[in-house]
Every structure is written in structure tokens, then in C-alpha cells.
Amino acid sequence: MEKRILITGGAGFIGSHVVRRFVKSYPGYKIVNLDKLTYAGNLLNLVDIEDEPNYEFVKGDIVDAGFIADLFSVYQFDAVIHLAAESHVDRSIANPMEFVMTNVIGTVNLLNAAKEYWKGDYDKKRFYHVSTDEVYGALGETGMFTEATSYDPHSPYSASKASSDHFVRAYHDTYGLDVVISNCSNNYGSHHFPEKLIPLAINNIKNNKAVPVYGKGENVRDWLWVEDHARAIDVIFHQAKTGETYNIGGHNEWKNIDLIKLLCKIMDQKLGREAGASEQLITYVTDRAGHDLRYAIDSSKLQHNLGWVPGLQFEEGLAKTVDWYLENEQWLNDVTSSNYQSYYETQYAER
Ligand code: NAD
Ligand code: TDX
């Protein structure tokens, strides 16, 4: 094997796209996917590659330091691509401590295990930490986040991701660990858990249920096709210099309400509904606490240094995403069966 790579959180939304890309593109790499299979992790996301000879799944918790140290000894990893996290802002508002445990303690456990196992010899070793644009806080109507923007997280989720980023940099500065970090904007595409805006809206429109829009729907997000994110991670993993940070974004800003209206239009066409029918489902609900107004990523460093550019245009990507959800009803039924209903009722009951 040319490399043995630990990918954490590979059964989740972005992780499954990263695992698929690495397993298929690099038959000479051994890919070990470590995932706790929380409500957000789903092995159905990887059925197409689960029998590949260079792929292995391990169920486990990054919060368990002893287990993580043993895993390094057993598999002799050369690199880590760390995506495992609690990732939903609304859940972090309801239960911050889970985010501290997984996102902060879990990340430090992985850093420690890598440091101990590699014992200061970082030649051809790498710890890649996947982070978010939310660490930079919120923008007004203008401006963009660059890699030099100061951290200013507002939600327990973004505070926990900011903390983990600081630990990763501290391990580089203090122990010389070879690290890279990327901070990405909102992803969309297939296998996205339907608690996040786009898949939740698709599911609700499909079922003729109210589509909850927080506040006035004026908040702006910068949306990136998830496979473009996976391709950026591939490029950065292989080409970035040690200690570097890269911002990844779609240059694709949408107000939530405009995005939902576009989605309604696409779904009217796909479902053979009268034009304007799905828009009737839009329901304005109480705003998210501490709701960041606008995110926008300046990814020019990545474009200039490493030649990455976003590939798929948004309208096309959104239509492809809708097609995937309509064609994968079983997946949607599976992930919305057990605890999803109780989450949904609690989250939206009082709005
Ligand atoms: P997700 O919630 O879909 O998946 C997270 C995965 O991590 C799940 O498979 C879950 O089972 C696993 N996991 C959670 N806790 C774990 C633990 N203690 N031990 C082992 N595995 C555990 O998340 P996502 O949207 O795919 O995000 C992946 C990463 O990318 C996260 O680090 C997130 O902060 C970051 N990110 C996400 C976005 C986005 O738009 N979704 C944007 C930028 C960055
Ligand atoms: O029901 C909803 N109604 C609504 O108006 C939901 C779930 C969300 N929203 C709004 C809140 C945001 O302004 O839509 C926007 C997008 O919300 P989410 O899909 O929850 O994403 P966001 O909070 O922007 O965070 C996402 O992008 C950055 C991911 O969940 C994070 O993991 C990532 O780091």
C-alpha cells in the first residue's frame, strides 16, 4: 500500500463523498473509514464501494482516546482526514456539550494519537482537519472571509469547530505535526441528512408539508456542490504545504428565501405540479438564536495556488440533488424513520 489513510466521519454526508473519491481514485491507498454511526452516519451512503479491496469500515468513537491509540497501532496510518463531527447548528443550541465532546475532545484525541504514533517523524505524514466557514462569524451585506479573517464564532457548533482548529494549529506550532486545515462554505448534494435546509425542504415539499424558513429568510449562505468539496480536499491533501489553511467556497451566494423559491420551482416541474403550487408551503417561523446573517468565502488562494475551481453550476446541481432524493425514496424513508420524527417535533413545535 502506498498510503494508509484514516478518514473519520466517512459515513456522514461529506465524508461519504470523500471516502468514495479516495477509494475510487487511489486503488493503491488503504482507506479506513472510522465512524460512530450517530443519527447522521449511515452505511447505506457507501454501499457502492463497501466491497472494494482498498476499503474498510470500523465502527468507533473518536472521544475514546484508548481506542483511537490502538487503531493507529493496528492500521499504521500515514495520514488522517478528519471529518467526524456533530455538524448541525440547531442541535448545538439545544445540546452544546455533545459538540464539545466530539468536535473538541475527539479532535484532540486524534491529534494526540497521531503525535504519539508518528513520534516526531512527520516525513510523508499528514493530519488534514476539515472545518467550516462558520468559525469566521457573520458578514454584513459586503465583504468575504479570507484565510486571514479573525475567528469570531457565534453558535456552540462554530465555537467548537473554532476550538478544534486552534488545537490543530497548536499541534503544528508546538510539536511540528504536519497539519492542513480547510474551511468550507455550505455544501449541498446527495446523501445530505434532512435536518439541514435543502434536504429538509425537498422532503417537506415532496410530502406537501410546511417548509419552515427562519426569520424573514434574508440570511445568505454560499453553496458548494459536495463533490466539488471532496475534489478540493483531494487537491489540498496532496499539494498543500504543511501548516497551511485554505478556504473553499462556491462563489454562489443565495438568500434562503430565494433558494427555497428556486427549489419550489424545480420541484413543481419534477413532480408535475402547477407552477407556484409548492411555494404555498413556505412558512416563516421564529428565527434561529444568534443566526449569522451572511457567509461568503473568498477561495482565491486555493484557485491561484492549487488550481481548484468550483465545477457544477448551482441550478444544475440543485436539480440533480432533487432528482437524487426523488429516486432514493428508500434512503429518505430509512433516515427519517426512527428518531427523526421526535427530533422534528421538538425542533419545530415552538417556532
Ligand atoms: P454529518 O453530520 O453529515 O456527518 C458527521 C459524521 O461523523 C457522521 O457519519 C457521524 O456518525 C460521525 N460522527 C459523529 N460523532 C462521531 C464520533 N464521536 N466518533 C466518530 N464518528 C462520529 O456532517 P457533514 O455535513 O458531512 O460534515 C462533515 C465535516 O465537514 C464536519 O467536520 C463539518 O464541521 C464540516 N463541514 C460541513 C459543512 C456542511 O455544509 N455540511 C460545511 C463545511 C464544513
Ligand atoms: O428549517 C430550516 N429553516 C431555515 O430557514 C433550517 C434547518 C435552516 N434554515 C436556515 C438557517 C441557515 O441560514 O437555512 C440556512 C442553512 O441552514 P443549515 O442547513 O442548518 O446550515 P448552516 O446553519 O448554514 O450550517 C451548514 O453550513 C456550515 C452546516 O450545517 C454546517 O455543518 C457547516 O459547517
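The values are calculated or read from the model by the stated rules, or taken from the named source; none is laboratory data. All of these numbers come straight from a predicted model, not from anything done at the bench. Positions of Cβ are generated from backbone atoms using ideal geometry, with glycine treated the same way; all protein chains shown enter the neighbour counts. Keep in mind that these areas ignore ligands, DNA and RNA; they rest on the heavy atoms of the full protein, side chains included. Shrake-Rupley method; radii C 1.70, N 1.55, O 1.52, S 1.80 Å.
Taking K and R as +1 and D and E as -1, what net charge do the other residues with C-beta under 9 Å from the C-beta of residue 90 add up to?
+1
Distance in nm between label sites at residue 93 and residue 67, each 7 Å beyond Cα in the beta-carbon direction?
For residue 93 paired with residue 67, the spin-label model returns 3.1 nm.
A 25 angstrom limit on the alpha carbon distance is what I want to check against. Which of 24/125; 241/320; 161/209; 36/161; 59/206 exceed it?
Correct reply: 241/320; 161/209; 59/206.
Could you give the length gained by full extension between residue 305 and residue 216, i.e. 0.36 nm per residue of separation minus their alpha carbon distance, to one decimal place?
Going from the current span to full extension adds 28.2 nm.
Taking every pair of alpha-carbon atoms in the chain, give the share separated by more than 32 Å as a whole percent.
Percent of Cα pairs beyond 32 Å in the chain: 28.
Keeping every protein chain present and rolling a 1.4 Å probe, give me the accessible area per residue for region 101-197 in Å².
Ligands and nucleic acids excluded, the figure is 37 Å² per residue.
Mind jotting down the three principal axis lengths of region 253-351 based on Cα atoms? Whole angstrom, largest first.
On the principal axes, region 253-351 reaches 46, 37, 29 Å in Cα extent.
Can you send over the carbon and sulfur percentage of the accessible area for the chain, probe radius 1.4 Å, protein chains only?
49 percent
Kindly rank 151-162, 325-336 from highest to lowest mean number of other beta carbons found within 10 Å of each residue.
151-162, 325-336
For the full complex of protein chains and a 1.4 angstrom probe, list 74, 226 by accessible area with the highest value first.
So, going from the largest accessible area down, we get 74, 226.
Lys and Arg at +1, Asp and Glu at -1: add these up for the other residues within a Cβ distance under 13 Å of residue 240 and post the number.
Net of charged neighbours comes to -1.
Give me the percent relative contact order of the chain, please, defined on Cα pairs under 8 angstrom at least 6 residues apart.
17 percent
For the pair residue 265 and residue 238, what calculated FRET efficiency results from E = 1/(1 + (r/R0)^6), where r is the Cβ-Cβ distance and R0 = 51 Å, to the nearest 0.05?
0.85
Looking at region 77-137, which chymotrypsin sites (Phe, Trp or Tyr not before Pro) are in a loop (DSSP not H, G, I, E or B) and have at most 15 other Cβ atoms within 10 Å?
When the chymotrypsin sites (Phe, Trp or Tyr not before Pro) of region 77-137 are filtered for loop state and at most 15 Cβ neighbours within 10 Å, nothing remains.
Report the rotationally averaged projected area of region 264-322 based on its alpha-carbon convex hull, in square nanometres.
Mean shadow area of the hull around the Cα atoms is 6.4 nm².
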